[in-house]
Amino acid sequence: SQQGEEDPQALSIQEGENATMNCSYKTSINNLQWYRQNSGRGLVHLILIRSNEREKHSGRLRVTLDTSKKSSSLLITASRAADTASYFCATPRSMDSSYKLIFGSGTRLLVRP
Amino acid sequence: EAGVAQSPRYKIIEKRQSVAFWCNPISGHATLYWYQQILGQGPKLLIQFQNNGVVDDSQLPKDRFSAERLKGVDSTLKIQPAKLEDSAVYLCASRPLTGNNSPLHFGNGTRLTVT
């Protein structure tokens with residue numbers, strides 16, 4: 001079952017604009033992660049935010065986390081054509097000795113040159 | 001650091017045939033995952049290994065899917081017999097056996113088309 005759901009499903013912007021993607025999740029978490037997937041490739045880890053953090057920056061990425069609303073957002077500033085990809089949020093589920101990462105359905109971002 | 005290696009990159013088979021995928025995780029990574037990603041969806045976990053033991057295979061269709069990780073390194077995922085709905089990208093990922101904040105490292109996947 002999907003833990004996170006991204007919104008919007010698809011986003012098309014002009015190069016130089018900012019892109020904002022949202023993620024909602026269902027259960028309590030100790031961290032939330034964002035991954036990028038270029039067409040035909042595997043997923044690449046972008047950033048992790050812990051449950052006791054509200055905001056985190058990495059280069060042109062800014063992630064926020066609101067645990068009271070069970071939601072997170074990923075902001076990409078000054079977007080480039082190379083940012084065109086699918087973006088997924090993921091939340092870990094730890095049960096017994098297993099550590100599962102459950103992914104949302106993703107946001108497909110198109111950055112037009 | 002070498003990444004997660006998967007082969008083949010592409011596979012086309014007819015329904016009811018069998019197929020196998022191979023994964024070589026990052027050296028030293030104790031935990032290995034197989035995910036299925038249907039076009040337009042997020043990855044769905046099929047099975048998780050820790051060293052050479054299965055810790056979660058609750059989402060694996062065991063009537064047709066099997067996986068093993070002999071010697072706690074390489075892993076193979078097999079489908080027999082394949083169905084049309086098995087068409088997807090099969091992603092392998094690994095992570096070290098450390099705390100809950102270490103990310104997953106993914107291979108580029110095997111794209112399976114069942115005709």
Tell me which of these B:THR76 doesn't satisfy, since it passes every other one: (1) surrounded by 20 or more Cβ atoms within 10 Å (Cβ to Cβ); (2) in contact with an Asp or Glu (Cβ under 7 Å, 6 or more places away or on another chain). (1)
Can you give me the ranges of the strands (runs of 3 or more DSSP E) entirely in segment B:13-97 with at least 3 residues that are within 20 Å of A:ARG36 (Cβ to Cβ)? B:31-37, B:88-95
Under 8 Å between Cβ atoms, which residue pairs at least 6 apart in sequence (or on different chains) link something in segment A:55-76 that is at negative phi with a partner that is among the aromatic types (Phe, Trp, Tyr)? A:LEU61/A:TRP34; A:VAL63/A:TRP34; A:SER71/A:TYR25; A:SER72/A:TYR25; A:SER72/A:TRP34; A:LEU74/A:TRP34; A:LEU74/A:TYR87
Would you confirm, using the coordinates I've provided, whether A:ARG93 is under 14 Å from A:ALA19 (Cα atoms) and of a type outside the set (Gly, Ala, Ser)? no
Selection count, segment B:18-54, where residues are within 16 Å of B:LEU104 (Cβ to Cβ) and without any contact (Cβ under 8 Å) to a residue 12 or more places away in the chain: 1
Within segment B:82-90, identify whether any single residue is within 12 Å of chain A (Cβ to nearest Cβ), at pLDDT 95 or above, closer than 28 Å to A:LEU109 by Cβ and open to solvent by 50 Å² or more (accessible area, probe 1.4 Å), and answer yes or no. no
Segment B:52-64, subset more than 11 Å from chain A (Cβ to nearest Cβ) and out of contact with any Phe, Trp or Tyr (no Cβ under 9 Å at 6 or more places or on another chain), residue farthest from B:TYR90 (Cα to Cα): B:ASN52
Any idea which residue in segment A:1-47 is nearest to A:THR64 (Cα to Cα), counting only those that are in a strand (DSSP E or B), β-branched (Val, Ile, Thr) and open to solvent by less than 60 Å² (accessible area, probe 1.4 Å)? A:ILE47
Based on what the data block shows, is A:SER12 farther than 18 Å from A:SER86 by Cβ, hydroxyl-bearing (Ser, Thr, Tyr) and in contact (Cβ under 8 Å) with a residue 12 or more places away in the chain? no
Tell me which residues, restricted to segment A:57-113, are of a type in the set (Lys, Arg) and part of a loop (DSSP other than H, G, I, E, B). A:ARG60, A:LYS69, A:LYS70, A:ARG80
May I ask you to say which residue of B:THR115, B:THR110 is of a type in the set (S, T, N, Q), open to solvent by 20 Å² or more (accessible area, probe 1.4 Å) and at negative phi? B:THR115
Among (1) at the interface with another protein chain (Cβ under 9 Å from one of its Cβ atoms); (2) out of contact with any Ser or Thr (no Cβ under 7 Å at 6 or more places or on another chain); (3) of a type outside the set (S, T, N, Q) - the single one B:ARG95 does not satisfy: (2)
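Please find, among A:ASN52, A:ASN30, the residue that is farther than 27 Å from B:ASN108 by Cα and facing another protein chain (nearest Cβ under 10 Å).
Every option except A:ASN30 fails the conditions.
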Could you list, in sequence order, the residues of segment B:1-54 that are of a type in the set (Val, Ile, Thr) and either over 22 Å from A:ALA90 (Cα atoms) or open to solvent by less than 70 Å² (accessible area, probe 1.4 Å) (or both)? B:VAL4, B:ILE12, B:ILE13, B:VAL19, B:ILE26, B:THR31, B:ILE38, B:ILE47
Does A:GLN33 satisfy the condition of being within 13 Å of the chain's Cα centre (by Cα) and within 20 Å of B:VAL89 (Cα to Cα)? no
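The values are calculated or read from the model by the stated rules, or taken from the named source; none is laboratory data. Keep in mind that this is a model prediction, so the values were computed, not measured. So basically every Cβ, Gly included, is an ideal-geometry build from the backbone, and we count neighbours across all protein chains shown. Keep in mind that these areas ignore ligands, DNA and RNA; they rest on the heavy atoms of the full protein, side chains included. Shrake-Rupley method; radii C 1.70, N 1.55, O 1.52, S 1.80 Å.
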